[in-house]
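The values are calculated or read from the model by the stated rules, or taken from the named source; none is laboratory data. What you see is a predicted model, and the numbers here were worked out from it, not measured in a lab. Backbone-built Cβ (ideal geometry, glycine too); neighbour counts: all protein chains shown. Heavy atoms of the whole protein, side chains included, go into the accessibility calculation; ligands, DNA and RNA do not. Shrake-Rupley method; radii C 1.70, N 1.55, O 1.52, S 1.80 Å.
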Amino acid sequence: QQPVQSPQAVILREGEDAVINCSSSKALYSVHWYRQKHGEAPVFLMILLKGGEQKGHDKISASFNEKKQQSSLYLTASQLSYSGTYFCGAYNQGGKLIFGQGTELSVKP
Amino acid sequence: NAGVMQNPRHLVRRRGQEARLRCSPMKGHSHVYWYRQLPEEGLKFMVYLQKENIIDESGMPKERFSAEFPKEGPSILRIQQVVRGDSAAYFCASSPYTADEAFFGQGTRLTVV
């Protein structure tokens with residue numbers, strides 16, 4: 001079952017914060033976050049495995065709720081380089097990796 | 001350790017021809033996933049393979065499309081008798097284990113003329 005992302009699109013000014021959500025009706029084994037810039041390949045950001053886990057590097061962090069049905073990606077003090085489409089991904093029981101529909105983030109000067 | 005390698009990066013085919021897309025996973029990775037992406041759209045799952053086995057091909061059209069991941073060599077996504085609607089970016093990703101971190105190749109942009 002495909003994870004559901006919200007919002008579909010976000011427009012920010014440099015320095016502003018954003019939150020992107022990823023949810024599922026069933027508990028996820030893990031959640032994966034990727035960023036894709038236009039015309040390029042998706043780039044792995046981080047993986048969360050445990051309920052209640054929080055993880056981050058630089059000003060990009062993520063959380064995974066206790067029930068493992070929702071993850072949020074936090075982008076603080078956004079930079080122009082953060083622009084792109086963010087995808088969350090999850091594996092189903094059969095090992096298939098499927099992605100949400102994506103959230104397009106635009107950071108303006 | 002080289003990343004996931006896909007070739008060719010760009011492929012132009014006339015309608016009715018065959019397209020062969022190659023994906024060499026990262027060293028030590030035995031799981032390969034193929035995705036199709038149309039402009040401004042998401043990553044649509046096509047097929048999941050492990051060495052010599054197709055695990056899940058639920059996202060792949062029943063006709064004209066096939067995939068393999070032989071014991072030796074890259075994974076191949078093959079599209080026979082291409083049509084204009086097959087034009088898209090095709091990405092593969094690889095992971096060392098089930099449900100582990102997966103890394104993407106640079107993709108193959110297929111254009112059918």
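What to note about this one:
- For region B:39-80, a decrease in accessible area of 20 Å² or greater in the assembled protein chains relative to the isolated chain, with a 1.4 Å probe, applies to B:Glu40, B:Gly42, B:Leu43, B:Phe45, B:Tyr48, B:Asp56.
- Computed with a 1.4 angstrom probe on protein heavy atoms, the B-A interface buries about 1700 square angstrom of accessible area in total.
- For region A:47-64, Karplus couplings with θ = phi - 60° (6.51, -1.76, 1.60), whole Hz, Gly/Pro x: 10, 10, 10, 10, x, x, 6, 10, 8, x, 9, 6, 10, 10, 9, 8, 10, 9
- Residue by residue along B:96-108, Cβ atoms of other protein chains within 10 Å of the local Cβ number 5 on average.
- When B:Met26, B:Met5 are compared by accessible area at a 1.4 angstrom probe, the order from most to least is B:Met5, B:Met26.
- Accessible surface calculations at 1.4 Å, restricted to protein heavy atoms, place the protein assembly as shown at 50 Å² per residue.
- The H on the amide N of B:Gln17, modeled in the peptide plane, is under 5 Å from the matching H of B:Val82, each at least 5 residues off or on a different chain.
- Under Karplus coefficients 6.51, -1.76 and 1.60, residue-wise ³J(HN,Hα) of region A:30-41 in Hz, glycine/proline x: 7, 10, 10, 10, 9, 10, 10, 8, 4, x, 10, 7
- Long-range HN-HN contacts of B:Gly107 with modeled amide H, under 5 Å: B:Gln6, B:Cys92
- Chain B, accessible surface, carbon-and-sulfur percent (1.4 angstrom probe): 47 percent
- Once C-alpha pairs closer than 8 Å and six or more residues apart are averaged by separation and normalised to the residue number of chain A, the relative contact order reads 37 percent.
- Rolling a 1.4 Å probe over the protein heavy atoms of region A:1-81, with every protein chain left in place, gives an accessible area that is 49 percent carbon and sulfur.
- Tally of Lys pairs whose C-alpha atoms are under 27 Å apart, taken over chain A, 8 or more apart or cross-chain: 22
- Nonlocal amide H pairs with B:His31, under 5 Å, H built at 1.01 Å: B:Ser95
- Within region A:93-109, the residues that become at least 40 Å² less accessible when every protein chain is included than when their own chain is isolated (1.4 Å probe; DNA, RNA and ligands ignored) are A:Gly95, A:Lys96, A:Leu97, A:Phe99.
- Extending 7 Å from Cα along the Cβ direction at A:His38 and again at B:Glu18 yields two label points whose distance is 3.7 nm.
- Karplus 3J(HN,Hα) series, Hz, for region B:98-113 with 6.51 cos²θ - 1.76 cosθ + 1.60 (x for Gly, Pro): 4, 6, 9, 4, 10, 10, 9, x, 6, x, 10, 8, 9, 10, 9, 10
- In Å², nearest 10: area of B:His31 left accessible to a 1.4 Å probe: 10 Å²
- Computed with a 1.4 Å probe on the full set of protein chains, the accessible area for B:Lys44 sits at about 120 Å².
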